[in-house]
Amino acid sequence: MITLREVVNGIVVKRSILADNLDKQLETESGFSPRLAFIEYKDAYNKTDTLASYTFRVQDLAKFTDDPYKLNSMLRDNRFIYKYLDKLEQEELLSIKRKDVLENYVEYNEYYRMLMGLPRMKVQGGTLVEDDAWFVYLPTNVKLQGVDNKIPIHKMTDLQKRSVSASGELAKLIVQYPRHEYLKYVDKKISSLVMREAKEYEIIYSDSTKKNIRSFVDHYRAVRNNFMVNYYDEMSAIKYSFYESLQCVNLLMAAMANVNAYMPRDQLDSEIIDESFIYTLFESYGVPKFNFSLEYLQKIAQRLGGIMRKKGTKNVLLEISKTFNEISIFKYFLWKRLAPNNEDLSKSDKEKYELFFVKAPIMADDPYEYVKDIENLIPYKEVVDQDPKWGVDGDDLEDTIKSLPFTYTESKYITLNNKVDLVSFSFEMSFFIRYVVEHTKSFKDIKFYIDTATYEASLFEVITYLQCLVYRKMKINPDIPDCMQPLIYLYGIKYDIDLEKLKDTIRDHFKYTKLENSLSLNNFIQMLDGKRYNIGEVINAYEANMELIYHLREVQRNVNDVRDYNKIGQILKAITYSEKLPELYNNNTNLEDFLGTYTSESVRLIQRMDEIKGTATPGDEKMYNHEISEVINILRSYINVNKHKRMAEMLDTAQTLYSDYDLLDYLEKIIDFFKAYTQDILSKGMEYSIHDIRDGCKTIEKLLYVMELDSWEQNTFLNLYTDRDTEILKQISDERTIKDVCRTKEVLRCINNLTGDTEVISRFG
């Protein structure tokens with residue numbers, strides 16, 4: 001149950017009426033408009049400002065000209081700046097002014113100052129300055145490392161404020177100085193930008209480290225939205241001074257009531273929930289006691305009502321699929337078609353037709369879209385021969401089914417996406433990691449909040465944290481490959497590619513062939529240094545570049561001329577062979593050491609891993625599963641599944657490989673209980689596929705032209721092409737003819753009896 005004390009200490013709600021009245025009072029008394037000053041600050045912060053929006057002083061413009069006429073003109077009218085200063089000078093002037101505004105902005109509104117942890121102000125010399133009578137200092141007898149007792153609390157750095165708060169001294173000062181309300185907010189880092197942009201009754205601060213507060217915020221937003229739409233009376237808010245504060249109390253109490261009312265259901269989301277609570281819930285529904293990890297028990301419990309209502313129906317499988325979004329569920333259609341090259345209609349149905357099982361998504365209405373992919377087709381015999389419940393007295397019913405008037409029908413079989421392409425996953429994951437590493441500076445503004453570690457991490461930190469988690473789970477020493485001496489190159493998408501040179505190379509080599517157009521590099525996206533990108537732009541660029549790389553490999557696989565083959569190989573190397581860059585990791589050789597010192601606060605990620613390790617039994621490699629899932633889901637939440645299919649599939653595979661190996665087993669047991677009794681799971685377990693686009697027997701050719709010269713011809717060449725009679729032309733003694741040289745690669749494959757797929761065992765040559 002959440003208490004009022006928790007809410008008061010962990011939540012700050014915006015009071016717009018109070019803030020606006022104080023702004024108006026300041027404007028009336030001093031002629032200074034805090035709102036206009038904030039608009040100027042906001043434009044500078046968002047870089048939406050222009051030269052026309054500023055008023056300049058002589059010292060601002062004197063740097064660019066000493067002509068008094070030009071200076072006076074620009075001071076009188078900003079438009080003259082565009083006339084007398086060139087483009088670079090205009091940009092420099094704007095940058096200087098912007099920096100000045102950001103560094104010198106002062107919040108004068110007493111309400112906002114309190115929430116920012118700042119003391120009151122006083123009039124001095126005709127201007128408002130901080131009132132030193134409201135300054136509070138740390139007692140001289142209190143010694144904290146890195147904290148200067150002579151500096152007022154509100155002027156300390158963020159790190160020093162956290163030290164004072166963590167030591168408990170700030171709480172003592174709050175009690176000692178009850179009239180100094182701003183002390184309650186010193187360590188909360190509420191910015192003027194957040195406060196002034198917030199709307200009436202919005203939460204402008206919440207202690208996200210506390211589970212109850214996170215739940216309260218969700219309920220409060222729903223309560224507030226309902227109130228503002230249906231009950232808020234703006235006239236009363238302006239007319240009655242008590243209206244705003246009263247409604248704040250009402251909203252907080254209503255949200256508290258909702259939190260406590262939903263507590264039994266929300267308890268399922270708790271990280272410390274007792275398994276007995278879930279098993280009691282299962283028992284009430286007649287569900288067996290699944291021996292699963294707590295993470296997946298919670299997932300089942302949260303959707304148990306909906307799953308039970310659909311038990312035994314087709315829709316229950318969709319509901320389960322939503323519950324376990326890491327794994328997709330498929331069904332199989334039985335499909336009858338005419339056998340190839342068999343158009344003789346006089347033949348029997350047995351001779352005319354052939355049967356296949358077609359794999360399709362669980363909610364597919366027909367198989368036609370999926371028969372195009374040969375991997376979705378399974379011969380009839382391969383399935384039914386393994387099913388002892390199919391047919392009667394040894395009759396597999398093939399002839400009977402072929403005689404029936406149908407094209408397709410839904411079968412009883414279902415399966416899971418239990419096939420993992422290890423080579424493709426490793427290839428693409430290594431490319432993505434390297435892609436992020438090499439563009440760290442350009443991607444530094446992309447932030448993700450890792451709730452479990454209470455840390456806002458960059459994309460680079462998230463990827464590095466995921467790597468460290470996997471290394472810890474697998475008990476692998478987290479060496480940084482860039483620092484290993486044997487490595488010369490690493491797979492990656494190079495950031496410093498000379499595209500124009502590569503395009504010239506393609507044109508020069510393939511200008512007389514049909515391959516020139518198919519080898520276009522126009523779709524390759526280069527991320528520019530100094531430019532800032534959002535996560536959507538990053539994923540778009542990565543997927544476009546990976547698509548190009550796969551296309552080049554496919555073209556290379558289909559060429560017949562060895563010179564073309566080698567040239568495409570050179571182009572691929574130019575794009576995908578990245579040099580070691582140990583400086584990106586500050587020359588560290590250990591990934592955890594690097595991550596812990598990457599920023600002043602990134603050590604929280606290492607502390608979180610240590611925390612996970614400390615709460616698990618020794619030797620339990622699954623203790624990191626939940627955290628790995630959290631990190632992957634953070635990335636997945638920014639993915640457009642329909643647009644970024646390659647990235648979505650890569651993250652799904654990562655979830656399967658890195659998080660929980662027992663997930664498929666869990667899911668099979670759940671499906672066995674909730675599915676219709678007439679349905680069967682076609683295959684169980686995980687299937688690992690190891691293949692590469694480069695696999696296969698590739699025949700390429702190159703003609704060798706051999707000249708046969710007798711002694712007379714050799715001497716003739718000697719006389720024609722040399723001026724020294726002592727020079728000897730090497731004798732060509734062997735009898736040779738023009739030859740074709742063919743080099744091949746041998747590949748040993750085996751056929752999977754269950755799927756019919758071929759798998760590479762080894763290769764030679």
Before we move on, is Ile213 closer than 21 Å to Thr3 by Cβ and either touching a residue at least 24 places away in the same chain (Cβ under 8 Å) or not aromatic (Phe, Trp, Tyr) (or both)?
-> yes
Just name the residue that is farthest from Gly492 (Cα to Cα) out of those in region 431-444 that are in contact with a strand residue (DSSP E or B) (Cβ under 8 Å, 6 or more places away or on another chain) and among the charged types (D, E, K, R).
-> Lys444
Would you point out which residue out of Ile190, Ile272 is modelled with pLDDT under 80, of a type in the set (A, V, I, L, M) and part of a loop (DSSP other than H, G, I, E, B)?
-> Ile272
On the given criteria, is Val603 among the hydrophobic types (A, V, I, L, M, F, W, C), modelled with pLDDT under 85, over 20 Å from Lys494 (Cα atoms) and in contact with a helix residue (DSSP H, G or I) (Cβ under 8 Å, 6 or more places away or on another chain)?
-> no
Unique residue being aromatic (Phe, Trp, Tyr) and closer than 23 Å to Asp20 by Cβ when the list is Tyr111, Tyr82 | Tyr111
Restricting region 58-90 to residues that are assigned to a loop (DSSP other than H, G, I, E, B) and either hydrophobic (A, V, I, L, M, F, W, C) or closer than 29 Å to Glu197 by Cβ (or both), which is nearest to the chain's Cα centre (by Cα)?
-> Leu85
So Lys511 fits all but one of (1) of a type outside the set (A, V, I, L, M, F, W, C); (2) surrounded by 12 or more Cβ atoms within 10 Å (Cβ to Cβ); (3) modelled with pLDDT under 85; what number is the exception?
-> (2)
Taking Ala52 as the residue in question, decide whether it is under 45 Å from the mean Cα position of the chain (by Cα) and either among the basic types (Lys, Arg) or under 17 Å from Ser192 (Cβ atoms) (or both).
-> no
Has region 199-221 got at least one residue that is β-branched (Val, Ile, Thr), part of a strand (DSSP E or B), modelled with pLDDT of 90 or more and within 28 Å of Pro34 (Cβ to Cβ)?
-> yes
Test set (1) free of Cβ contacts under 8 Å to residues at least 12 places away in the same chain; (2) not in a helix (DSSP H, G or I) - Thr415 fails condition number = (1)
Filtering region 150-176 down to residues that are loosely packed, with under 14 Cβ neighbours inside 10 Å and assigned to a loop (DSSP other than H, G, I, E, B) yields Lys150, Thr157, Gly168
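Going by what's in this entry, would Leu173 be described as modelled with pLDDT of 90 or more and touching a helix residue (DSSP H, G or I) at 6+ places or on another chain (Cβ under 8 Å)?
Details: modelled with pLDDT of 90 or more: yes; touching a helix residue (DSSP H, G or I) at 6+ places or on another chain (Cβ under 8 Å): yes.
When the stated conditions are applied, Leu173 passes them.
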Going through region 367-384 one residue at a time, which ones are of a type in the set (D, E, K, R), free of Cβ contacts under 8 Å to residues at least 40 places away in the same chain and exposed (fewer than 13 other Cβ atoms within 10 Å of the Cβ)?
-> Lys372, Asp373, Lys381
For region 5-20 the number of residues that are polar (S, T, N, Q) and loosely packed, with under 14 Cβ neighbours inside 10 Å is 1
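The values are calculated or read from the model by the stated rules, or taken from the named source; none is laboratory data. Just so you know, these numbers come straight off a predicted model, no measurement behind them. Ideal geometry is used to build each Cβ from the backbone, glycine not excepted, and the neighbour counts take in all protein chains shown.
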